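Asks: Okay, here's the structure, questions in a sec.
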Amino acid sequence: MTTPLTKSLPIGLAQVEQDIARACKEARRERASVTLIAVSKTFDAAAISPVIDAGQRVFGENRVQEAKAKWPALVSSHPGIALHLIGPLQSNKAKEAVALFDAIHSVDRPSICEALAKEINLQNKRPELFVQINTGEEPQKAGIAPGDADAFIASCRDKYGLVISGLMCIPPVNDAPAPHFALTAKIAARNGLKNLSMGMSADFAVAIQMGATHVRVGSAIFGAR
């Protein structure tokens, strides 16, 4: 989902757009093949509105409650907004998440699958779903271990009836990101998944080279938190 941006862009957004366009050109990809998710977590409506006014329509939030507090008013006054949940999801927040978000990037355990399947059927609303892969197998981080990914994706589809759109990963902070992006892309390819949510402010150009379809960029657009 991409929207043409106006000529008058906030400085951070303008630079990110320029960098995405360059990375796409170097990777011989169309700019439209990459969705920029502007990560607005911790920022209020006053900070977000200029980015919306510039034409950006896809935004990411980490927490259901924070998004619920600030986005309904923004969405009602700015048509065409798409909200992506990019942070961990608790089972007891599945109802609110399905109601509010257009995409959920953190499907990573059976209890979440069960809760999402229930709410998707009850609400008749189908957000785009990404399975989170813990490529570094970091114990403090959410996500499915790479070795368990194929079975988990099959379970999402066969046991819970979920339509999985793609995979998401967050490489370990001190690792080179490219191998983690490559691993995620490999898992996606063998499971017939086209979408890859990979890359943040520091490494989205690398992610685009490795096939990312969605990049999650916050500080480069909004500034330091």
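Asks: Which residues among the stretch 203-225 fall inside the zone where the amide N is under 16 Å from a point 7 Å beyond the Cα of residue 189, along Cα→Cβ?
Replies: Hits in the stretch 203-225 for residue 189 at 16 Å: 207-213.
Asks: Could you work out Rg/(2.2 N^0.38 Å) for the stretch 66-109, with Rg from alpha carbons only?
Replies: Numbers: Rg = 10.9 Å, N = 44, 2.2 N^0.38 = 9.3 Å.
Normalised Cα radius of gyration, the stretch 66-109: 1.17.
Asks: Moving on to the next point. Can you give the accessible area per residue of the chain, in Å², using a 1.4 Å probe? Walk me through the numbers before you get to the answer.
Replies: On the way: 10500 Å² over 225 residues.
Value returned for the chain: 47 Å² of accessible area per residue.
Asks: Give the carbon-plus-sulfur fraction of the accessible surface of the chain in %, rounded to a whole number; probe 1.4 Å, heavy atoms of protein chains only.
Replies: Carbon plus sulfur share of accessible area: 54 percent.
Asks: Give me the one-decimal nm value for the distance between modelled label points at residue 151 and residue 175, 7 Å along each residue's Cα-to-Cβ direction.
Replies: 2.0 nm
Asks: Okay, next question. Mind putting a number on the dipole of the chain about its Cα centre? Charges go on the C-beta only, +1 for Lys and Arg and -1 for Asp and Glu, and I need it in Debye to the nearest 20. Show your work: numbers first, answer last.
Replies: Details: 25 positive and 21 negative charges, 78 e Å.
Charge dipole, the chain, about its Cα centre: 380 debye, nearest 20.
Asks: In µm²/s, what is D for the stretch 12-67 at 4 °C and 1.567 mPa s, where D = kT/(6 pi eta Rh) by Stokes-Einstein and Rh is the Kirkwood radius from Cα pairs?
Replies: Values: Rh = 12.5 Å.
For the chosen part, D equals 103 µm²/s.
Asks: What fraction, in whole percent, of alpha-carbon pairs in the stretch 127-225 exceed 23 Å separation? Kindly include the intermediate steps, with their values, before the conclusion.
Replies: Numbers: 1133 of 4851 pairs.
Cα-Cα pairs in the stretch 127-225 separated by more than 23 Å: 23 percent.
Asks: Let me ask something else about it. Taking each pair of different alpha-carbon atoms in the chain once, compute 1/r for the pair, average those values, and report the inverse of that mean as the Kirkwood hydrodynamic radius in Å to one decimal.
Replies: Details: mean 1/r = 0.0566 Å⁻¹.
Across the chain, the inverse of the average 1/r is 17.7 Å.
Asks: Tell me, rounded to the nearest percent, the portion of alpha carbon pairs in the stretch 35-108 spaced more than 18 Å apart. Don't skip to the answer; put the middle values down first.
Replies: Numbers: 825 of 2701 pairs.
Pairs farther apart than 18 Å: 31 percent.
Asks: Work out, step by step, the length gained on full extension between residue 138 and residue 42: first 0.36 nm times the residue separation, then minus their alpha carbon distance; give nm to one decimal.
Replies: Separation in residues times 0.36 nm, less the Cα-Cα distance, equals 32.1 nm.
Asks: What value, in deg cm²/dmol to 500, does the helix sum -39500 (n - 2.57) over DSSP H runs of n ≥ 4 give at 222 nm once divided by the residues of the chain? Can you show the working numbers first?
Replies: Values: 9 runs with 94 residues, N = 225.
Result for the chain, helices only: -12500 deg cm²/dmol.
Asks: Give me D for the stretch 23-157 in µm² s⁻¹, whole number, from Stokes-Einstein with Rh from the Kirkwood sum over alpha-carbon pairs, 4 °C and 1.567 mPa s.
Replies: Values: Rh = 16.2 Å.
Answer from the Stokes-Einstein relation: 80 µm²/s.
Asks: Sticking with the crude label model, points 7 Å out along Cα→Cβ, report the distance from residue 29 to residue 92 in nm, one decimal please.
Replies: With each label point 7 Å from Cα toward Cβ, the separation is 3.9 nm.
The values are calculated or read from the model by the stated rules, or taken from the named source; none is laboratory data. Fair warning: this is a prediction, and the values are worked out from it, not measured in the lab. Don't worry about glycine lacking a Cβ; one is built from the backbone with ideal geometry, like all the others, and counts go over all protein chains shown. Just the protein is used for accessible areas: all its heavy atoms, side chains included, with ligands, DNA and RNA removed. Shrake-Rupley method; radii C 1.70, N 1.55, O 1.52, S 1.80 Å.
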